[in-house]
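Worksheet: the structure to be examined is printed underneath.
Derivation of every value follows stated rules applied to the coordinates shown; laboratory data play no part. Bear in mind the structure is a predicted one, so any value in this text is a computation, not a measurement. When we count neighbours, we look across all protein chains shown, and the Cβ atoms used for this are built from the backbone with ideal geometry, even at glycine.
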Amino acid sequence: MDGMRILQPSDRDLLAEVYRDAVISQAHGLYSSSQLEAWANHGWRSDVIARALHQGFGLASLASTSSPTIEAFAVLEPGDRLALLYCRGRSSRQGRSSALVKALEEHARQTGCPQLRTEASQLSRPLLERLGWQVEAEETVLFAGVLFSRWRMIKPL
C-alpha cells in the first residue's frame, strides 16, 4: 500500500478538511450554491465521518510516502458499502480515488463480500462507472436540508 495508510478515528478533522476541499474545489457547475454550501459543511456539522471511522474500514492516499498529508480518502461502512470517497482538488485526476476504490474492493473481496454498493454523486459516478460499477437507480434525497440527485450503484466482486 505505497502512499496509502489505514484510517484511524483520530483522522476525523483531517478528513473533514479533505471533504470540504473536494466539494468546494470540484463541484461548481454541477450543483447549486445552496447544495454546495450544505454539502461542503456536512463533514464538520455531522457525525458522518466519525461514525464511518469508528464502524468502517478506510484508507487514505498520502501526498507522498514521506508526507503524512492526506490528499484523498475512502471508507467502507458497513463492509459492503462505499460510504465516503473524497479527494482534494489539487490532487484530483492523479489516480488517487481509483487506487483507493480498487484497494477497498480488494479488501472487501478478501473478507468474502460478494458485491459492493454506494450512493454516487455527480462527481463520483463517472469514476465508478470507469471502474466497472453499474447504476441501479437514480434517486432524489434530502441531504443536509437540501434536495440532491444521486445514483445507487453496485459492483459485483
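Nearest 500 deg cm²/dmol is fine: what mean residue ellipticity at 222 nm does the chain get from its DSSP H runs of n ≥ 4 alone, each adding -39,500 (n - 2.57), divided by its residue count?
My calculation for the chain gives -11500 deg cm²/dmol from helical runs alone.
I'd like the Kirkwood hydrodynamic radius of the chain, using the inverse of the mean 1/r over distinct C-alpha pairs, in Å.
15.7
Based on the mean of other Cβ atoms within 10 Å per residue, sort peptides 83-90, 101-108, 3-10, 36-43 so the most packed one is first.
In decreasing order of mean packing, 83-90, 101-108, 3-10, 36-43 become 83-90, 36-43, 101-108, 3-10.
Roughly speaking, what is the centre-to-centre gap between the stretch 77-124 and the stretch 12-45 when only Cα atoms are used, to the nearest Å?
The two parts, judged by their Cα centres, are 18 Å apart.
Each residue of the stretch 36-51 in turn: what ³J(HN,Hα) in whole Hz from Karplus with 6.51, -1.76, 1.60 and θ = phi - 60°, glycine and Pro shown as x?
4, 4, 4, 6, 4, 8, 4, x, 7, 7, 10, 9, 4, 6, 4, 4
What list do you get for 118, 140 if you sort them by fewest beta carbons within 10 Å?
Fewest-to-most Cβ neighbours within 10 Å comes out as 140, 118.
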